[in-house]
Each structure stands twice: as structure tokens, then as C-alpha cells.
Amino acid sequence: MYEKFLEEVGNFVFMENQPESADIIFVPGNSYPYMAEKAAELYRLGLAPMVLPSGRYSISAGKFSGVTGEAEKYNGAYQTEWEFLKDVLMKNGVPENAVLREDEATFTWQNALFSRKVTDQAGLKVKKAILCCKNYHARRAFMYYQRAYPETEFLVCPCSVDEITKENWKLTQHGIDEVLAEIKRIVSQFQIMMQK
């Protein structure tokens, strides 16, 4: 029974879909290049005509605190997560005119909500979207973007950024801490969303 519970936790937190043709690719704000690299790969495969990275910086840091991973490749003087993610996208083959702009969000719910404002202002009808996020952030990111786009079908195409996976998260203290912290955030933030 205990092993089954752990398996269900993993299945819930680490959601993932096969990518397919969509109207847009979303990349929630972060300081890792991997999610934007994945978005660029999917763009180059022709799966969506545009990408919308989102983010100013983390509300807890109060500024863009620098690139986490591959800093030698992505070494610009970035002021926002959006600037950083746009640079990653462009260096990986996404043309500038295919990158939309959202550079005010400071946490994940704002990433989704402010992205909705951008697509609405552009007159875009988003029937199907790809969401490129951190793998153990997938459920919460999906929850927020689905709330902001209730009429949209989302395909979650996540990346592992720190070697924590659905298969191994329960084998290290770091994995356990990260995944259980994510579950707490999902529950507490979902409660707040239900009250609105």
C-alpha cells in the first residue's frame, strides 16, 4: 500500500504528455535554459507557430538572480526572466517575430494570468497549447494555465533540471523534500484559487 501511494504521488506531480501540433508553446518564468530549449526544439519541429515565455523575476528574490545552468552559453545582462528565455529561444532557432512578450509576472499564477492577457490582446484563440516547465512543477503549472485558459487543451512537455524524476524522487532526501514541498504548494494554492 505504501509503494502504491508513492507511485500515485509521482503520477500526480510528474504529469507529462506527448507533444503534438498546437497553437502556442508556453514557458513559465524561471532561470534555467532547459525549458526554453525544449520549447525551441518543439518549435523547430513545427508543432506551434509561436512561443510565449513569461516572467519578470521571482517575487522572493525581487530581481533576476542570474542564469542557472549553461551560463557560459547564455551570458547576457538579463534584467528579467523573459529577456533570458527569449535569448535562449533565439539562440536555439526561434525567430524573434515568433516570440511573444510577457515580462511582468513574478510567480506561476501570474505567468498564466498575464500570458492570457497577452494572447487575448493579440487576438489569439488558443485551442491547444504546449506547456514546457520543470518536471516536478508540472501539475501546479498545468493547474494555473488550465485555470487561466479553461477552454484550452494543454499538453505538458516538462524537463528535468536537477536529476529529480518520477522514478527516483523518493530515493534521495533532496527529491523527497522538493516533491513534498510541491504537493504542499499545490494544495495551499489550489485552496486560494477555489476561494476566488
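Please determine, by comparing only the residues of the stretch 154-173 that are part of a helix (DSSP H, G or I) and in contact (Cβ under 8 Å) with a residue 12 or more places away in the chain, which one is surrounded by the fewest Cβ atoms within 10 Å (Cβ to Cβ).
Lys170
Just give me the residues in the stretch 45-66 being surrounded by 14 or more Cβ atoms within 10 Å (Cβ to Cβ) and either modelled with pLDDT under 95 or more than 18 Å from Cys132 (Cα to Cα) (or both), in sequence order.
Within the stretch 45-66, Tyr57, Ser58, Phe64 meet the criteria.
Tell me, which residue of the stretch 77-114 that is of a type in the set (S, T, N, Q) and assigned to a helix (DSSP H, G or I) is nearest to Ala48 (Cα to Cα)?
Restricting to residues being of a type in the set (S, T, N, Q) and assigned to a helix (DSSP H, G or I), the top hit is Asn97.
Counting only residues that are assigned to a helix (DSSP H, G or I) and more than 12 Å from the chain's Cα centre (by Cα), how many does the stretch 120-153 have?
Counting residues in the stretch 120-153 that are assigned to a helix (DSSP H, G or I) and more than 12 Å from the chain's Cα centre (by Cα) gives 5.
Give me the pairs, please: first residue somewhere in the stretch 55-77 and over 19 Å from Val27 (Cα atoms) and without any contact (Cβ under 8 Å) to a residue 24 or more places away in the chain, second residue anywhere and surrounded by 16 or more Cβ atoms within 10 Å (Cβ to Cβ) and among the small types (Gly, Ala, Ser), beta-carbon distance under 9 Å, and either six or more positions apart or on two chains.
none
Against the definition (assigned to a loop (DSSP other than H, G, I, E, B) and among the charged types (D, E, K, R)), how does Lys117 come out, yes or no?
Judged against the criteria, Lys117 is not a match.
Exactly one condition in (1) closer than 14 Å to Phe26 by Cβ; (2) crowded, with 18+ Cβ neighbours inside 10 Å; (3) touching a residue at least 60 places away in the same chain (Cβ under 8 Å) is false for Glu102; which is it?
Tallying (1) closer than 14 Å to Phe26 by Cβ; (2) crowded, with 18+ Cβ neighbours inside 10 Å; (3) touching a residue at least 60 places away in the same chain (Cβ under 8 Å), Glu102 fails exactly one: (3).
Which of the following residues is of a type in the set (Val, Ile, Thr) and not in a loop (DSSP other than H, G, I, E, B): Ile59, Ile25?
Exactly one of Ile59, Ile25 is of a type in the set (Val, Ile, Thr) and not in a loop (DSSP other than H, G, I, E, B), namely Ile25.
So which residues in the stretch 1-20 are touching a residue at least 40 places away in the same chain (Cβ under 8 Å), assigned to a helix (DSSP H, G or I) and of a type outside the set (A, V, I, L, M, F, W, C)?
Gly10, Asn11
The values are calculated or read from the model by the stated rules, or taken from the named source; none is laboratory data. Just so it is clear, the model here is predicted, and its values are computed rather than measured. Cβ coordinates were reconstructed from backbone atoms using ideal geometry, including for glycine residues, and neighbour counts include every protein chain displayed.
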